[in-house]
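The values are calculated or read from the model by the stated rules, or taken from the named source; none is laboratory data. Computed from a prediction, not measured in an experiment: that's the story for all the values here. Backbone-built Cβ (ideal geometry, glycine too); neighbour counts: all protein chains shown.
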Amino acid sequence: MLTISTIKADVGGVGGHTRPSTRMVQAARDELRQALDRGLILDYDVTYTGDDICLLMVHRHGNDNAEIHELAWSVFKSATEIAQDEGLYGAGQDLLKDAPSGNVRGAGPGAAEITFDETVKERRAESFMVFTADKCGPGAFNFPLWAVFTSPLFCAGLMLPQLKAGFRFVAIDMEHAGGDRIIELNTPEQHIDLAILLRDENRFGIKAIHSRRYKDQQVVAVSTDRLHTIAGEYKGKDDPVAIVRTQNMFPAPEEIVSPYFTAHYVAGDARGSHHMPLMPAPINTAITGAYCLPIVACQAYSVTHDGRLSEAVDVFDNPAWDSTRLKAQQKADEMRRQGFVGPAMLPIQELEYSAFRTSLEELEKKFKIVEKTEAAFQPAD
Ligand code: 13P
Ligand code: MG
Ligand code: MG
């Protein structure tokens with residue numbers, strides 16, 4: 001069995017919530033190189049998307065493995081020390097608890113992992129994509145994943161014999177603290193039920209998707225921990241990562257990216273409190289747009305049966321995405337024209353900066369109720 005682990009965290013940014021420093025990324029690479037040399041992992045890559053560092057590790061230890069998670073934690077700790085030394089903003093932002101007992105889930109970093117049998121005859125070659133997004137939550141993946149895995153409008157491949165049987169979705173209630181509160185729904189039959197949940201991107205997210213025809217094959221994993229559910233207060237946006245396996249019995253890369261043409265509006269952005277369109281961007285892009293225009297990057301990889309990663313293709317670093325980038329900026333401009341009103345900002349219960357709520361509470365205290373009096377009512381003759 002091979003495991004692909006992606007673990008992502010924001011542990012400090014240069015000049016604000018922009019990107020990690022070069023030294024931080026290099027330190028992460030060095031530490032994963034040492035883990036490879038001592039045989040813990042088979043291969044790795046380190047990227048950043050906005051101010052989040054993403055560790056990609058290939059290994060044979062399965063999901064939720066203590067050594068792998070402790071390695072990731074140690075990398076983020078080292079990067080935090082560098083961020084502190086360099087005086088960067090938000091050093092250690094996503095490390096919410098003390099050293100976790102062997103699992104970063106619930107401690108701040110986001111983890112998406114898939115373990116699979118690399119020897120099955122149906123998949124002679126293993127290809128997958130890693131989506132990393134900044135300034136949004138895991139629900140940002142609800143629309144593109146639902147679209148590709150349930151609708152031939154976005155993925156004509158769903159009509160093929162090996163995909164026609166559909167998929168088993170595992171959706172999770174991200175507001176629930178403690179154990180995972182999950183529901184399993186089979187598509188195509190239950191795609192409307194799935195939509196009923198996924199329309200609320202702040203509460204429900206897709207945690208995993210499995211093939212129904214090839215029972216043991218998981219195709220998607222998404223990091224679905226929400227920082228505010230863990231910390232009880234705003235500690236930065238959740239900035240998710242997703243793994244999507246591609247080809248054969250799964251949709252093809254070109255189908256999987258098709259919903260990103262939409263530049264759909266997502267919750268998050270500046271202060272984690274607004275709605276803005278999700279802009280596809282090259283890997284290792286800093287956040288510099290107005291109101292933290294959220295970005296998503298996508299790396300496509302192949303991996304050998306003995307766990308060696310190919311070089312990556314930077315999927316959104318291509319002129320094919322230029323018009324979508326322009327569209328995203330135009331959609332962002334339209335939304336920002338109405339400032340704070342209505343859908344421009346998140347509903348009050350979702351405003352991530354608790355201080356916004358404090359401001360409202362102060363005004364709430366000043367409201368008074370004026371009773372209606374009989375005399376004030378003068379019926380017409
Ligand atoms: P991050 O979650 O990426 O740190 O962004 C936080 C923020 O509030 C940006 O305005
Ligand atoms: Mg940050
Ligand atoms: Mg971030």
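Apart from one condition, Y291 fits all of (1) over 15 Å from the mean Cα position of the chain (by Cα); (2) on the phi > 0 side of the Ramachandran plot; (3) assigned to a loop (DSSP other than H, G, I, E, B); the exception is (3).
Can you confirm whether the stretch 214-226 contains a residue that is in a loop (DSSP other than H, G, I, E, B), closer than 30 Å to Y89 by Cα and of a type in the set (K, R)? Yes: one or more hits.
Screening I287 with (1) surrounded by fewer than 17 Cβ atoms within 10 Å (Cβ to Cβ); (2) among the β-branched types (V, I, T); (3) within 16 Å of ligand 2 (Cβ to nearest atom) gives one miss only, at (1). Taking residues in the stretch 204-220 that are in contact (Cβ under 8 Å) with a residue 40 or more places away in the chain and over 20 Å from A140 (Cα atoms), and partners anywhere that are part of a strand (DSSP E or B) and of a type in the set (S, T, Y), the pairs with Cβ atoms closer than 7 Å and at least 6 places apart or on different chains are Q217/S211.
For every residue, the table says whether it meets (1) in contact with a strand residue (DSSP E or B) (Cβ under 7 Å, 6 or more places away or on another chain); (2) hydrophobic (A, V, I, L, M, F, W, C).
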residue	(1), (2)
V75	yes, yes
D94	yes, no
R105	yes, no
V130	yes, yes
P138	yes, no
W146	no, yes
P161	no, no
D180	yes, no
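Which one of A263, A242, A281 is buried (at least 19 other Cβ atoms within 10 Å of the Cβ) and within 22 Å of R226 (Cβ to Cβ)? The match here is A242. Kindly provide the set of residues from the stretch 47-98 that are more than 22 Å from the chain's Cα centre (by Cα) and either within 16 Å of ligand 3 (Cβ to nearest atom) or part of a loop (DSSP other than H, G, I, E, B) (or both), ordered by number. If the condition is that a residue be more than 22 Å from the chain's Cα centre (by Cα) and either within 16 Å of ligand 3 (Cβ to nearest atom) or part of a loop (DSSP other than H, G, I, E, B) (or both), then R60, H61, A83, E86, G87, L88, D98 are the ones that fit. Only one entry in A140, A147, A156, A125 is touching a residue at least 60 places away in the same chain (Cβ under 8 Å) and surrounded by fewer than 13 Cβ atoms within 10 Å (Cβ to Cβ), namely A125. With the structure loaded, tell me whether R23 is away from ligand 2 (no atom under 12 Å from the Cβ), farther than 26 Å from P294 by Cβ and either buried (at least 19 other Cβ atoms within 10 Å of the Cβ) or modelled with pLDDT of 95 or more (or both) or whether it fails that test. When the stated conditions are applied, R23 does not pass them. Pairing residues of the stretch 237-253 that are among the basic types (K, R) with residues that are assigned to a loop (DSSP other than H, G, I, E, B), at Cβ distances under 6 Å and at least 6 apart in sequence or on separate chains, gives K237/K135. Going by what's in this entry, would T132 be described as within 30 Å of A165 (Cα to Cα), within 16 Å of ligand 1 (Cβ to nearest atom), outside any loop (DSSP other than H, G, I, E, B) and modelled with pLDDT of 95 or more? Judged against the criteria, T132 is a match. When the stretch 1-46 is filtered for residues that are among the β-branched types (V, I, T), outside any strand (DSSP E or B) and closer than 30 Å to D269 by Cβ, the ones remaining, listed by number, are V11, V14, T18, T22, V25.
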